[in-house]
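Notes to accompany the following structure.
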2 protein chains.
Amino acid sequence: MINKLVEKITKTQAPIVVGLDPMMKFIPEHIKAAAFKEYGETLAGASEAIWQYNKAIVDATYDLIPAVKPQIAMYEQFGIEGLIAFKKTVDYCKSKDLVIIGDVKRGDIGSTSEAYAVGHLGKVTIGSKQYYGFDEDFATVNPYLGSDGIKPFVNVCKEENKGLFILAKTSNPSSGEFQDKLVDGKPLYEVVAEKIAEWGADHMGSCGYSYIGAVVGATYPEMGKALRKVMPKNYILVPGYGAQGGKGKDLVHFFNEDGLGAIINSSRGIIAAYQQEAYAKFGAENFAEASRQAVLDMQADIAQALAQR
Amino acid sequence: MINKLVEKITKTQAPIVVGLDPMMKFIPEHIKAAAFKEYGETLAGASEAIWQYNKAIVDATYDLIPAVKPQIAMYEQFGIEGLIAFKKTVDYCKSKDLVIIGDVKRGDIGSTSEAYAVGHLGKVTIGSKQYYGFDEDFATVNPYLGSDGIKPFVNVCKEENKGLFILAKTSNPSSGEFQDKLVDGKPLYEVVAEKIAEWGADHMGSCGYSYIGAVVGATYPEMGKALRKVMPKNYILVPGYGAQGGKGKDLVHFFNEDGLGAIINSSRGIIAAYQQEAYAKFGAENFAEASRQAVLDMQADIAQALAQR
């Protein structure tokens, strides 16, 4: 799957992942009205609104991008109905040949991590049968529990040719509270990154990159620069572009010399583009076209930054 | 909800939480056969088997215990159908007046943690209506992202009189890989515990304990002793009893002098008791009675250890 991701990035010339994080306040009124007319202001109504909103954005952008990253929390908040919309979104994106990064940030002790890995990336065994649960292509994983919380994910990834992005340095303001603490003279996120490089060496793609990548926030470009060197063969998933403050020029150090090695996420900057001044001319009715233009603009911003480095 | 938990612990004299972690290999054949007969060897069949298994164990133990802790990964591995069994289990335990600790180990950046908090502990807003998603009483949370990943959970807990157990030192063998690293001369888990005490001071119950607790593994009794002092007013959820190796005598230091302050989890030791030699006499048909006996034995083990300290 890392090979497919790299191929698609090369083909689209867009190291971009669209974060499908459908907060209700992003969804245009006409989409919500139609869903509520059918199902009422209910969990099922919210689920339908999310699904129609996602579908329109995917239809308007899938030819430009290699991957999507649905943030499961935005679905899980609506309980079972929300997760039905998550699963529909995953399946639909798959039908459009997009790579799906399940932003689930799971992680637990060994047997529990195995269950998460099976549910999101692998197949669960029921009697003599096997079934996929959510069936994403990549999952994000939290490293706090250490190797035996990570290895079951890696094992399932090996069986399924799938991958992970493990949190190293997150994009939020207080990420430094624990992640920046110095241990043995270097920050914890660097210690984690060294382990990611080690775990990743065990599951390499033929493209030269590992199936096991890292998450490093766009909001910390200097740390991105340092971590790029610590993990030369691991893809870096970079959240925090746009709404969280990251810009194209901040991102160049996340990439290797080959122009690969990083994929930049934008969520509300793309899916709620129509709510921004720069795209207001599209209007809420044409929200999906606004999202398409935002992808094109993001692609140009990153390409320009890479050309000028 | 911390007041209710403490009240129920005092009343039952059992600082015990039963981990409802229904792996397929634990479920007796006759339960699986009945479920598969109705739904086939499908995700729905697995969901039905899990639900019937849980229901029987809850029916056999609810009068002895204050709380249950369903591990969501064990349900999530079966996709949507598995999560339906999770929700049925939560609702059923609530009808039996049990405190429900959702072992979800979520945690993300601020807006995303807010969505998880809303989904598991609070109410989501849809138009003019509000709905509970999964509606547990407590949730476990991963601290790696720092304060702004935790505060949205605390805020929802304050609105709902609910609580958290935040990971400090986990029970697994490799938990020390990052958690034991020395920062400023003390281990990271202690730095996290100090923050838990700080976060918890913001949301105190009338019982004298905070709504915000910590997870510290039974497998590290010495660390439990140290962390008890760092977090005197925070409940400690202690996994790792039984199958993972923790014993009653290892647990005494997790408790305060008042005999409160800790709640010990056992999962397979109780729910799959019938598979152990000590309870084999019950047979698979009477698995729930075996679970009841295992609860009684665990209660006696802990009471004896506390009496002898």
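Somewhere in the range B:248-260, is a residue under 18 Å from the mean Cα position of the chain (by Cα) and within 21 Å of B:Gln71 (Cβ to Cβ)?
Yes: one or more hits.
Take the residues in the range B:200-222 that are farther than 19 Å from B:Val6 by Cβ and not small (Gly, Ala, Ser); name whichever of them is surrounded by the most Cβ atoms within 10 Å (Cβ to Cβ).
Only one residue tops the list, namely B:Tyr220.
Go through the range A:275-293 and report how many residues are surrounded by fewer than 22 Cβ atoms within 10 Å (Cβ to Cβ), hydrophobic (A, V, I, L, M, F, W, C) and within 13 Å of A:Ile31 (Cβ to Cβ).
2
Exactly one of these conditions fails for B:Lys87: (1) in contact (Cβ under 8 Å) with a residue 40 or more places away in the chain; (2) surrounded by 23 or more Cβ atoms within 10 Å (Cβ to Cβ); (3) facing another protein chain (nearest Cβ under 7 Å); (4) in contact with a Phe, Trp or Tyr (Cβ under 9 Å, 6 or more places away or on another chain). Give me its number.
So B:Lys87 meets the others, but not (2).
So in the range B:78-104, with the set limited to residues that are assigned to a helix (DSSP H, G or I) and small (Gly, Ala, Ser), which one is farthest from B:Asp63 (Cα to Cα)?
B:Gly79
Looking at (1) more than 29 Å from A:Gly107 (Cβ to Cβ); (2) touching a residue at least 40 places away in the same chain (Cβ under 8 Å); (3) assigned to a helix (DSSP H, G or I), which one does B:Met74 not meet, given that it meets all the others?
(1)
Does the range B:260-287 hold any residues that are touching a residue at least 60 places away in the same chain (Cβ under 8 Å) and of a type outside the set (A, V, I, L, M), and which are they? Write out each step before concluding.
Step one: of the range B:260-287, the residues touching a residue at least 60 places away in the same chain (Cβ under 8 Å) are B:260, B:262-268, B:270-272, B:274-275, B:284-285, B:287.
B:Asn265, B:Ser266, B:Ser267, B:Arg268, B:Tyr274, B:Gln275, B:Glu285, B:Phe287, listed by residue number.
Pairs, please: C-beta under 7 Å, at least 6 apart or cross-chain, first residue facing chain A (nearest Cβ under 8 Å) and in the range B:100-113, second surrounded by fewer than 24 Cβ atoms within 10 Å (Cβ to Cβ) and of a type in the set (Gly, Ala, Ser)?
B:Ile109/A:Ser171
If you take the residues of the range A:148-175 that are at the interface with chain B (Cβ under 7 Å from one of its Cβ atoms) and not hydrophobic (A, V, I, L, M, F, W, C), which of them is surrounded by the fewest Cβ atoms within 10 Å (Cβ to Cβ)?
A:Pro173
Looking at the range B:20-55, which of the residues that are outside any helix (DSSP H, G or I) and either within 19 Å of A:Thr125 (Cβ to Cβ) or facing chain A (nearest Cβ under 10 Å) (or both) is nearest to the chain's Cα centre (by Cα)? Before the answer, list the steps.
Applying the first criterion (outside any helix (DSSP H, G or I)) to the range B:20-55 yields B:20-23, B:27-28, B:40-42.
Restricting the remaining residues to those that are either within 19 Å of A:Thr125 (Cβ to Cβ) or facing chain A (nearest Cβ under 10 Å) (or both) gives B:21-23, B:27-28, B:40-42.
Working: B:Asp21: 10, B:Pro22: 14, B:Met23: 16, B:Ile27: 20, B:Pro28: 23, B:Gly40: 31, B:Glu41: 29, B:Thr42: 28 Å.
In this case the residue turns out to be B:Asp21.
Inside the range B:1-15, can you point out the residues that are out of contact with any Pro (no Cβ under 7 Å at 6 or more places or on another chain) and more than 15 Å from B:Tyr211 (Cα to Cα)?
B:Thr10, B:Lys11, B:Gln13, B:Pro15
Exactly one of (1) more than 7 Å from every other protein chain (Cβ to nearest Cβ); (2) under 30 Å from B:Lys181 (Cα atoms) is unmet by A:Glu136. Its number?
(2)
Can we say B:Ala14 is surrounded by 22 or more Cβ atoms within 10 Å (Cβ to Cβ), more than 20 Å from B:Lys69 (Cα to Cα) and not acidic (Asp, Glu)? Show your work before the answer.
Numbers: surrounded by 22 or more Cβ atoms within 10 Å (Cβ to Cβ): yes; more than 20 Å from B:Lys69 (Cα to Cα): no; not acidic (Asp, Glu): yes.
So B:Ala14 does not fit the description; no.
Restricting to the range B:114-133, and then to whatever is farther than 24 Å from A:Leu167 by Cβ and among the aromatic types (Phe, Trp, Tyr), can you tell me which residue is farthest from the other protein chains (Cβ to nearest Cβ)?
My answer is B:Tyr132.
Suppose the filter is touching a helix residue (DSSP H, G or I) at 6+ places or on another chain (Cβ under 7 Å) and either modelled with pLDDT under 95 or over 25 Å from B:Val192 (Cα atoms) (or both); does A:Ser206 pass it?
yes
Within the range B:223-267, can you find the residues that are of a type in the set (Lys, Arg) and either buried (at least 19 other Cβ atoms within 10 Å of the Cβ) or touching a strand residue (DSSP E or B) at 6+ places or on another chain (Cβ under 7 Å) (or both)?
Answer for the range B:223-267, where residues must be of a type in the set (Lys, Arg) and either buried (at least 19 other Cβ atoms within 10 Å of the Cβ) or touching a strand residue (DSSP E or B) at 6+ places or on another chain (Cβ under 7 Å) (or both): B:Arg228, B:Lys233.
Filter the range A:124-147 down to the residues that are within 19 Å of the chain's Cα centre (by Cα) and in a strand (DSSP E or B), then identify the one that is surrounded by the most Cβ atoms within 10 Å (Cβ to Cβ).
Within the range A:124-147, the first condition is being within 19 Å of the chain's Cα centre (by Cα), and the residues that meet it are A:133-143.
The next check asks that each one be in a strand (DSSP E or B); those that pass are A:138-141.
Details: A:Phe138: 30, A:Ala139: 28, A:Thr140: 26, A:Val141: 26.
That would be A:Phe138.
I'd like to check something: does the range A:216-234 contain any residue that is over 15 Å from A:Phe254 (Cβ atoms), free of Cβ contacts under 8 Å to residues at least 24 places away in the same chain and of a type outside the set (Asp, Glu)?
no
When you scan the range B:113-123, do you find a residue that is closer than 30 Å to A:Lys37 by Cα and in a loop (DSSP other than H, G, I, E, B), even just one?
Yes, because at least one residue in the range B:113-123 is closer than 30 Å to A:Lys37 by Cα and in a loop (DSSP other than H, G, I, E, B).
Take the conditions within 19 Å of the chain's Cα centre (by Cα) and surrounded by fewer than 24 Cβ atoms within 10 Å (Cβ to Cβ) and apply them to B:Glu190. Does it pass?
Against the criterion (within 19 Å of the chain's Cα centre (by Cα) and surrounded by fewer than 24 Cβ atoms within 10 Å (Cβ to Cβ)), B:Glu190 does not qualify.
Counting only residues that are over 20 Å from B:Leu237 (Cβ atoms), surrounded by 20 or more Cβ atoms within 10 Å (Cβ to Cβ) and β-branched (Val, Ile, Thr), how many does the range B:36-73 have?
Adding up the residues that qualify gives 1.
The values are calculated or read from the model by the stated rules, or taken from the named source; none is laboratory data. Small disclaimer: the values here were computed from a predicted structure and weren't measured. Methodologically, a virtual Cβ is constructed for each residue, glycine included, from the backbone with ideal geometry; neighbour enumeration extends over all protein chains shown.
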